[in-house]
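Enquirer: Submitted below is the structure of interest, expressed as structure tokens.
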Amino acid sequence: MARETSSTPPESVISIVGPGMTIVGDCETEGTVRIEGLVKGTVKAGKAVVIGKQGRVVGDVITQDAVISGHVTGTLVAESRLELQASCQIDGEVRTRRMQLEEGAVLNGTVQMGEKKKVVKGPTTTKAAVGEPVASGEGESRARAGAAAGR
């Protein structure tokens, strides 16, 4: 008798790194990963990353949505939504569109929020007439002021 096999879409699968488990290396899934143990490496999840109270990641976390109760040391990128619960500690850079930060959460590092901005390449500094570097946009007015002062 033939047996039917059901194929589960990869984005609906939940992978678990259990308590007491250590992974050294990168983890990648199209679905969700729940971390209750230790991961030393990059964690990439197409849907979500959930880090439990005892969970720890030493490396980067890249996903759509994240709920963090444990510890992350590295860059944390949640392209849609990030929830930092009261028991979490983040040491590193955070980039997300939206963030919920509970009282008691610890965040040591930089935070960048909002839509991704287009980077416009161009000169970043201009020399003024007196020879000091100034930020772009200020150079023209400061150069005029310097030239006027030298008259």
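Enquirer: Can you name the number of the only condition in (1) closer than 23 Å to P9 by Cβ; (2) out of contact with any Pro (no Cβ under 8 Å at 6 or more places or on another chain); (3) surrounded by fewer than 19 Cβ atoms within 10 Å (Cβ to Cβ) that V49 fails?
Expert: With respect to (1) closer than 23 Å to P9 by Cβ; (2) out of contact with any Pro (no Cβ under 8 Å at 6 or more places or on another chain); (3) surrounded by fewer than 19 Cβ atoms within 10 Å (Cβ to Cβ), V49 is out only on (3).
Enquirer: Which ranges mark the strands (runs of 3 or more DSSP E) fully within region 27-113 that have 1 or more residues being acidic (D, E)?
Expert: Fully inside region 27-113 and qualifying: 27-29, 61-68, 76-84, 89-91.
Enquirer: Continuing with the same structure: Look through region 60-119, keep the residues that are of a type in the set (K, R) and touching a strand residue (DSSP E or B) at 6+ places or on another chain (Cβ under 9 Å), and return whichever of them is farthest from L38 (Cα to Cα).
Expert: K116
Enquirer: If you don't mind, there's one more thing I want to ask. Report yes if T29 is of a type in the set (S, T, Y), under 19 Å from D65 (Cα atoms) and either out of contact with any helix residue (DSSP H, G or I) (no Cβ under 6 Å at 6 or more places or on another chain) or at pLDDT below 95 (or both), otherwise no.
Expert: When the stated conditions are applied, T29 passes them.
Enquirer: Does region 88-108 contain at least one residue that is surrounded by fewer than 14 Cβ atoms within 10 Å (Cβ to Cβ) and of a type in the set (G, A, S)?
Expert: Yes, region 88-108 contains a residue that is surrounded by fewer than 14 Cβ atoms within 10 Å (Cβ to Cβ) and of a type in the set (G, A, S).
The values are calculated or read from the model by the stated rules, or taken from the named source; none is laboratory data. These numbers come from a predicted model, not from an experiment. Cβ coordinates were reconstructed from backbone atoms using ideal geometry, including for glycine residues, and neighbour counts include every protein chain displayed.
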